Amino acid sequence: MNLDLAVIGGTGVYRLAALQNVETHVLDTPYGQPSGPIRVGELSGQRVAFLARHGEAHSVPPHRINYRANVYALHQLGATRMVGINAVGGITERMGPRVLAVPDQLIDYTHGRLGSFCDVEGAKVEHIDFTEPYSRRLRVALLRAAREAGVDVVDGGVYGCTQGPRLETIAEIARLRRDGCDLVGMTGMPEAALARELGIDYASLNLVANWAAGCGDQAEITMEEVFGNLEAVSSQVPSVLSMLLQHAV
Ligand code: HPA
């Protein structure tokens, strides 16, 4: 099957309402089951697969997501380009709530996640190049699509991936800032590395839901704030994706 794009939706993005002629695939993989059904349909005349990373009812927390099954299932459907949509907290000045960003680097602070297709018995050991963790080609295409759709997006930034599901302490975020992180989320890894292992072009569209702990003037982060901001900012995602597909190669 030929797919022009695979999209993995994060918190606040559980479906792509604009998909047309949708078929549903419930897949199994050698790594287990993905987070839920994969919806395949048409967007801007192109064939697109959509998977909700946390499940369509948001029932799978970040540290329990079967990242390998998710990426592998989309690969089985023919994905060669993949956009991950990730809710994040903003750390540095230009990353305030409701900003969209396309990061260009990441630091992985997660632990205990199954982060490679190599760690099953008998698998060929491969050391992928991860100098640039995101596909430059797809990042550029996403940024161009956003510009043409009239959507403001920050170009670049370092994404720090924490374990979750709890949010971070002020001291943890201060450490991430010292490390050079601009954004913090819980789901960007190992997804990006797994995509690279399978030769899939991968980029991430970050939706800033809140100032990370200690970065804004609020004493604590509330879920009302997180979901309110995500609802507002995620409304811009479909037009960016539609524009991206209009330039599909
Ligand atoms: N930290 C980690 N992940 C997040 C945050 C945060 O502050 N907000 C949304 N996802």
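Overview of results
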{"item": "Subset tally (residues that are part of a helix (DSSP H, G or I) and touching a residue at least 12 places away in the same chain (Cβ under 8 Å)) for region 53-89", "result": "12"}
{"item": "Unmet criterion (only one of (1) over 21 Å from L167 (Cα atoms); (2) exposed (fewer than 14 other Cβ atoms within 10 Å of the Cβ); (3) over 18 Å from the mean Cα position of the chain (by Cα); (4) not charged (D, E, K, R)) for V140", "result": "(3)"}
{"item": "Selection status of G164, within 20 Å of R64 (Cβ to Cβ), surrounded by fewer than 18 Cβ atoms within 10 Å (Cβ to Cβ) and within 12 Å of the ligand (Cβ to nearest atom)", "result": "yes"}
{"item": "Residue count for region 186-211, restricted to those that are more than 13 Å from the ligand (Cβ to nearest atom) and touching a helix residue (DSSP H, G or I) at 6+ places or on another chain (Cβ under 6 Å)", "result": "8"}
{"item": "Hits in region 40-65 - residues which are in contact with a strand residue (DSSP E or B) (Cβ under 8 Å, 6 or more places away or on another chain) and over 20 Å from L167 (Cα atoms)", "result": "V40, G41, E42, L43, Q46, R47, V48, A49, F50, L51, A52"}
{"item": "D119 vs. criteria under 28 Å from L3 (Cβ atoms) and either hydroxyl-bearing (S, T, Y) or surrounded by fewer than 21 Cβ atoms within 10 Å (Cβ to Cβ) (or both)", "result": "yes"}
{"item": "Scan of region 24-43 for residues that are among the polar types (S, T, N, Q) and surrounded by 17 or more Cβ atoms within 10 Å (Cβ to Cβ), ordered by number", "result": "T29, S35"}
{"item": "Residues located in region 149-199, provided they are of a type in the set (V, I, T) and under 14 Å from G115 (Cβ atoms)", "result": "T187"}
{"item": "Scope region 212-249; condition surrounded by fewer than 21 Cβ atoms within 10 Å (Cβ to Cβ), away from the ligand (no atom under 16 Å from the Cβ) and not β-branched (V, I, T); matching residues", "result": "S235, Q236, P238, S239, S242, M243, L245, Q246, H247, A248"}
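Any read-out appearing in this document is the output of simple, stated calculations on the displayed coordinates, not a laboratory observation. Just so you know, these numbers come straight off a predicted model, no measurement behind them. Cβ: placed from backbone, ideal geometry, glycine included. Neighbour counts: every protein chain shown.
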